[in-house]
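The values are calculated or read from the model by the stated rules, or taken from the named source; none is laboratory data. Predicted, not measured: the structure shown is a model, and the values here were computed from it. We place every Cβ from the backbone using ideal geometry, glycine too, and count neighbours over all the protein chains shown. Quick note on the areas: whole protein, heavy atoms, side chains included, nothing else; ligands and nucleic acids left out. Shrake-Rupley method; radii C 1.70, N 1.55, O 1.52, S 1.80 Å.
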Protein chains: 2
Amino acid sequence: MKNPPSLDSLIAALKVLPGVGPKSAQRMAFHLLQRDKAGAERLARALDRALTNLTHCERCNTFSETPVCNLCADASRRQDLLCVVEMPADLLMLEQAHCHDGLYFVLMGRISPLDGVGPRDVALEKLFHRALDGVVEEVIVATNFTAEGEATAHVVTELLKNRGLKLTRIARGMPVGGELEYVDPGTLAQAMFERRKL
Amino acid sequence: MKNPPSLDSLIAALKVLPGVGPKSAQRMAFHLLQRDKAGAERLARALDRALTNLTHCERCNTFSETPVCNLCADASRRQDLLCVVEMPADLLMLEQAHCHDGLYFVLMGRISPLDGVGPRDVALEKLFHRALDGVVEEVIVATNFTAEGEATAHVVTELLKNRGLKLTRIARGMPVGGELEYVDPGTLAQAMFERRKL
Ligand SMILES: [Zn+2]
Ligand SMILES: [Zn+2]
């Protein structure tokens, strides 16, 4: 006696989600099939739509539905200032703090040797070309103040130093081990204001 | 500055999963889009397939791809013995314990007044008709020994008593508060063996 194949497939497929093991995959499958078929349908469509529509912005590397994202296409932003963050959520937090009127580059990850994530797994080569376009004058490194974020900042600094760019790091205005995404906008604005030269 | 709409839709859709809040929905979306597009595609297809193919067995109410599930269609099982469980996972555990050669009825839930789940939210009417088909002689109530499971057992007993059926409850061979799904097969077999008349 086993589950029907389409139920087992769904349970197996839900395990691709980070943090979801066999028991919670099963609970999720039962919940969707029993209590929220509309939600399951919506999730399937959202996955399809995201897979079809989303690409990475040619300039800043964040998720975008157009080759160049709205922010990168905004001519009113300072073109000489490039802020490097780990993830799109970090970019959104900085925008919410209204402390940066330049552009961004989203690495889409952080270097984490313990998890097997090395320099090749973040968009360093794309950053290299973006930062050296001749227009950017200052690169602000705004990776997290975690061990991984600091390692990533180090690699970014090594990559871009001695290339005629001013390299800065946002100030450690936030608690050690803190992540941008969880900090209040005031603290974040302060950290941006007090950025120091690398 | 916001996320692209198809990214926001995906994050919102992931929140239909039980136990998934805004932050983990976002982490899941980034993981799927960045690191596991094949997994996202697989999940979308599995959802579609499950929604299309799965129905409830006419007889036992469990998930099935056919009107009557394989187990209910198996003429070699004792037709006079009906074991009532909360969820399909409980049925699978009992099968694994090889302690029941009759048929099942799956309530697809448990009564939980605190969560707003009342008698109308489990398949009591379907159970009533199934148990009183004239062939079933004994109904074994194998709901969990949690507060909800005991409340459900009580309601099932009230529903079926004085109808000429023998009503039994699996023995409390498992720890108080224990759930069938997490108990070892030996304990479960013992509990089935020591079932008592209600
Ligand atoms: Zn962009
Ligand atoms: Zn069945």
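Data overview
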{"quantity": "Unmet criterion (only one of (1) without any contact (Cβ under 8 Å) to a residue 40 or more places away in the chain; (2) surrounded by fewer than 20 Cβ atoms within 10 Å (Cβ to Cβ)) for B:ALA40", "calculated": "(2)"}
{"quantity": "Members of the stretch A:98-157 found to be open to solvent by 60 Å² or more (accessible area, probe 1.4 Å), under 24 Å from A:CYS69 (Cα atoms) and touching a residue at least 12 places away in the same chain (Cβ under 8 Å), listed by number", "calculated": "A:HIS98, A:ASP101, A:ARG110, A:ASP121, A:LYS126, A:LEU132, A:VAL135, A:GLU137"}
{"quantity": "Selection count where residues are facing chain A (nearest Cβ under 7 Å) and either surrounded by 16 or more Cβ atoms within 10 Å (Cβ to Cβ) or under 12 Å from A:ALA46 (Cβ atoms) (or both), scope the stretch B:10-31", "calculated": "11"}
{"quantity": "A:LYS2 being assigned to a loop (DSSP other than H, G, I, E, B), more than 7 Å from every other protein chain (Cβ to nearest Cβ), of a type in the set (Lys, Arg) and surrounded by fewer than 19 Cβ atoms within 10 Å (Cβ to Cβ)", "calculated": "yes"}
{"quantity": "Any hit, the stretch B:82-91, residues being more than 17 Å from the chain's Cα centre (by Cα) and either within 11 Å of another protein chain (Cβ to nearest Cβ) or buried (at least 16 other Cβ atoms within 10 Å of the Cβ) (or both)", "calculated": "no"}
{"quantity": "Test: residue in the stretch A:32-40 that is within 7 Å of chain B (Cβ to nearest Cβ) and within 16 Å of ligand 2 (Cβ to nearest atom)", "calculated": "yes"}
{"quantity": "Options A:ARG59, A:ARG49; residue that is buried (at least 17 other Cβ atoms within 10 Å of the Cβ) and near ligand 1 (Cβ under 10 Å from one of its atoms)", "calculated": "A:ARG59"}
{"quantity": "Qualifying residue in the stretch B:94-107 (condition: of a type in the set (Asp, Glu), in a helix (DSSP H, G or I) and over 26 Å from B:ALA189 (Cβ atoms))", "calculated": "no"}
